[in-house]
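These notes concern the structure reproduced below.
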Amino acid sequence: MTNNRKKIVLDYLNEINKGVTAKDIALALSLDRANVSRYLNELYKENQLEKITGRPVLYQSIAVNENEQEEYSKMNAFSRLIGYEASLKEVVQQAKAAILYPPNGLHTIIFGQTGTGKSLFAECMYQFAIESRALSKDAPFVTYNCADYAQNPQLLFGHIFGVKKGSYTGATQDRTGLIHQADNGILFLDEIHRLPPEGQEMLFTFIDKGIYRPLGESNETHHANVLIIGATTEKSNVLLSTFTRRIPMAITLPELSERTIEERYELIDNFLKQEAQRLKQKIIIEREALLAFMLYQPEGNIGQFQRDLKLVCAKAFLNVRMENRQSLKINQKDLPLKVQKGLLSIKELPKQVERLIQLDQAEFTYMPITDSTDSLVYQQKEKAIVPLIEKNLLKTTNENLLENYHLDGLGHKEQKTYFNEYVKTLSTTSDVRKHIIDPVLKELVEQMYSLAKERLDRTYSTKMEFAFALHLQSALERIEENQRIDFPNLNEIRKNYSKEFQIAIDLSAMIEETYSVEIPFEEIGFITLFLTKQEEVEVAQKQEEMTAVMVLMHGKTTASSMLETVKELLETTVGVAVNMPLTMKVQEMYQLVRQTIEENKEAYQQGLLILTDMGSLNTFGNMLAEDLNLRVKTLPMVSTLVVLEAVRMASIGRTLEEMYQSCQTVLKSSTKQLTLVDTKKKKAILVTCFTGEGVAKKLEQRILPVVDSTKVKIIPLQFLHREAFKQRIDQLMETYDIKAIVGTVEFDYQNIPFYTTYDIFNDEKLLLLSNQLEEELPINEIIQSLTGTLKKVGSIQQLMHFLQKLIRQIKNQLNVMIPAGVETGMLLHLAFLIEGLQTGTIVREFHGLEVYAKKNRMTMDVIKVTLIPLEKHYQMAIPEDEIAYIAQMIIENQVKLPI
């Protein structure tokens, strides 16, 4: 079958006799695109067709007419831009008109804020000019930044139009200008608003008549045919009206906030594909992190958007190198606070987001591919992180940080404020990069700060020393590459901090002696500012000894009613409740919570445990922690019982970590419950003892006969320290689906079932462990069998994954195991129940409901609460009778897990 289809593809290429994409072939032949790509690559390796690299890749039969190939590519110049057929469609049409307008095109100015892609758009115009044959293949594309020589009209004139020998002292030979270099091509003038009026007037004659004179030429005029494209971040009124009158085409690129949510998703998708390809590394991004990037509004538009993405990838890559992981993992907590705050807008765009991201998909994976040009590309010309070594990664990260802190045009007070932000940013990232600071540099920094402490009689924090070490390491690399950093108003810094400046000079001598380099005065200015950044000694304040508890829930009185009940039961005043009416926006709720904390911030110094019901409230913890510099932990899907436990433990002075672990145990739910199990992960059983050898080996021998070793890995672990053991489990969970822990020391963590040594030597418990490792549900077969049968539930695949997730939550909360066959039956039962409720055909009674509900109230309550998202999604209400039937299925078939 495969060979037949491959032959069909080859016959089609021979028949059409022109270059086409894999997508075109798939549509024409009604084949799966992935299979078509595979057939094409196989045919290419067999030398039966040609592959034309580009964006997108074209495939053609061996003898194809070159003119036809070029004709096809006319439509592809702007396909590099995401949104070229959507939000950019109008400006693309303007650009094409400017290029094709006879006889030589229209001079153009591209308006747009920083980061909107003006330079790339100009390059696309040039590419289109070549593809449409408005310009020849070898036509030049000359770029010039008008900020250069902006204050010196004579040099500017010479640079643009050329210089005649002898025109001024030092002009020893004729020199051509940009106009000559761009003859029969395009001259791209970036930051054209930086051209002074004299510079704009210089271009009048050339734009009007196509003639010019080099600097110093008085008699002869020169001719050139040049299309001028300018770009500016300013409005047209900053240019001379007589200049803009001569530029007939004005194109305005939209800001990122004006682009569609689909385009933002495509930008992220393409960037992560590129990074996975560059790094040759699998990238996994958490759902919340992806949503945050889709919804936040960067000031620097797409440029800032990509820098933020790259910085997050850089941090994730460093974690891979430090912890020997197999893939890059991007979590919400890794994002800058400004990006995390994008999640506050999710309530305003639920339907658009749901179209792009499935409700039941917790993570998104990007794999390196052999043909990275198969997708649309939108990228600025920037260096990849190559070679992938810590030194270059650190350099890239620090340069990105410095990009955000420009000191130009600021007085020393404003400079100090900006510098403090720079140091704060360095400090917050220092922990993950301590290990790559050069030992020699580390020792030098310690000596420098020791001297500074003595001479200035000050104290400096360890974080401050690390921040300076990171800055200095980056500075030494800049000096080595002859790159200087501007430091305006250096004299003001020297006057205002004369003592620190003098010591900075002495410290720079220590650097020069150690590394045999010359430290420029600009770097001495930075050293001075680091010395002024004295460790802030916190004023001793009386702090509350209790950890704070805050309950956040949807509804007008849900949170306050639950907390009031708990306070009455415990006779305490501990805890704060904040209600979120359904009409309230997420941003308003976040500001209300933040304001509540700030009004009595002393009460939160020991940490804050946030208890939520669902949705966007779960994301507040990370943002509050970074926004207000608090220790915060969040537990979702809580019940009155969990709130009771949290308030009880807070009342007796327990720590945040102790409260969090205890509430997790009560809830019997963990972060594992909120994400889907990666079915690609291999199952594992952890066997532990104090040595990782003796008892662990015996346990392994006992377990091996009842498991399939090709599908389940038994991992012996040494158990010495509880916290270290938890960290090791967290690491293993990234690679394995851990089904059980077996050992000599009882250990409750992440809701993983624990079996004692005695359990493993008990045949009944050993059988229970074996049953627990049964194959996963045949979900794909179930989906296939229900397709065409269920007609009122929408996507059957989405429904099945949704139900699978909810059943897993019910099992975790009830601490029971259900045989795979029974779980399959529950899936089918729930699927047909939803279909029946939607069509109104389900009407049945549970015999003895009142007595049964009273006897099994806890089980039915857990089921009822867990299925609330299902009811909301399908806009229905599950009757009490049906809740009882589901409870009966679980109770009569459950296998109690060992505690």
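The values are calculated or read from the model by the stated rules, or taken from the named source; none is laboratory data. Keep in mind that what you see is a predicted model, and the values were worked out from it rather than measured. Every residue, glycine as well, gets a Cβ built from its backbone with ideal geometry; the counts of neighbours run over all protein chains shown.
List of remarks:
- Condition met for Ile110 (at pLDDT 90 or above, outside any helix (DSSP H, G or I) and within 29 Å of Asn301 (Cα to Cα)): yes
- Qualifying residue in segment 247-260 (condition: in contact (Cβ under 8 Å) with a residue 24 or more places away in the chain and farther than 30 Å from Leu195 by Cα): yes
- Within segment 596-614, the set of residues being buried (at least 19 other Cβ atoms within 10 Å of the Cβ) and not in a loop (DSSP other than H, G, I, E, B) comprises Ile597, Tyr604, Leu608, Leu609, Ile610, Leu611, Thr612.
- Within this structure, Ala150 passes the test of being at pLDDT below 80 and surrounded by fewer than 20 Cβ atoms within 10 Å (Cβ to Cβ).
- For the criterion of being hydroxyl-bearing (Ser, Thr, Tyr) and out of contact with any Leu (no Cβ under 7 Å at 6 or more places or on another chain), Thr596 passes.
- For segment 246-270, filtering for residues that are surrounded by 15 or more Cβ atoms within 10 Å (Cβ to Cβ) and of a type in the set (Ser, Thr, Tyr) leaves 2.
- Verdict on Leu617 being crowded, with 16+ Cβ neighbours inside 10 Å, outside any helix (DSSP H, G or I) and not assigned by TED's automatic domain parsing to the domain that holds Arg857: no
- Within segment 857-878, the residues that satisfy the criterion of being buried (at least 17 other Cβ atoms within 10 Å of the Cβ) and either outside the structural domain of Leu830 (by TED's automatic domain parsing) or at pLDDT 85 or above (or both) are Thr859, Met860, Ile863, Leu867, Leu870, Ile878.
- Thr756 being touching a Phe, Trp or Tyr at 6+ places or on another chain (Cβ under 9 Å) and over 23 Å from Arg325 (Cβ atoms): no
- Pairs meeting the criteria (first residue in segment 31-44 and assigned by TED's automatic domain parsing to the domain that holds Tyr12 and touching a residue at least 12 places away in the same chain (Cβ under 8 Å), second residue among the basic types (Lys, Arg) and not in a helix (DSSP H, G or I), beta carbons under 9 Å, at least 6 apart or on different chains) are Leu40/Lys51; Asn41/Lys51; Tyr44/Lys51.
- Close contacts from segment 762-773, counting a first residue that is over 13 Å from Met817 (Cα atoms) and a second that is modelled with pLDDT of 70 or more and of a type outside the set (A, V, I, L, M), with Cβ to Cβ under 8 Å and a gap of 6+ residues or different chains, come to Leu766/Arg702; Leu766/Asp759.
- Qualifying residue in segment 314-335 (condition: outside any loop (DSSP other than H, G, I, E, B), over 22 Å from Gln731 (Cβ atoms) and either aliphatic (A, V, I, L, M) or touching a residue at least 12 places away in the same chain (Cβ under 8 Å) (or both)): no
- When Gln813, Gln784 are checked against the criterion of being assigned by TED's automatic domain parsing to the domain that holds Ile834, at pLDDT below 75 and closer than 30 Å to His873 by Cα, Gln784 stands alone in meeting it.
- Residue count for segment 552-595, restricted to those that are assigned to a loop (DSSP other than H, G, I, E, B) and of a type in the set (A, V, I, L, M): 3.
- Subset tally (residues that are surrounded by 13 or more Cβ atoms within 10 Å (Cβ to Cβ) and within 17 Å of Lys51 (Cα to Cα)) for segment 19-36: 11
Quick grid of which residues meet (1) touching a strand residue (DSSP E or B) at 6+ places or on another chain (Cβ under 8 Å); (2) at pLDDT 90 or above; (3) assigned to a loop (DSSP other than H, G, I, E, B):
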residue	(1), (2), (3)
Thr169	no, no, yes
Thr172	no, no, yes
Ile186	yes, yes, no
Glu201	no, no, no
Phe204	no, no, no
Ile207	yes, no, no
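- Cβ separations smaller than 7 Å between residues 6+ apart or across chains give the following pairs from segment 579-596 residues that are in the same structural domain as Leu611 (by TED's automatic domain parsing) to residues that are of a type in the set (Phe, Trp, Tyr): Tyr590/Phe620; Val593/Phe620.
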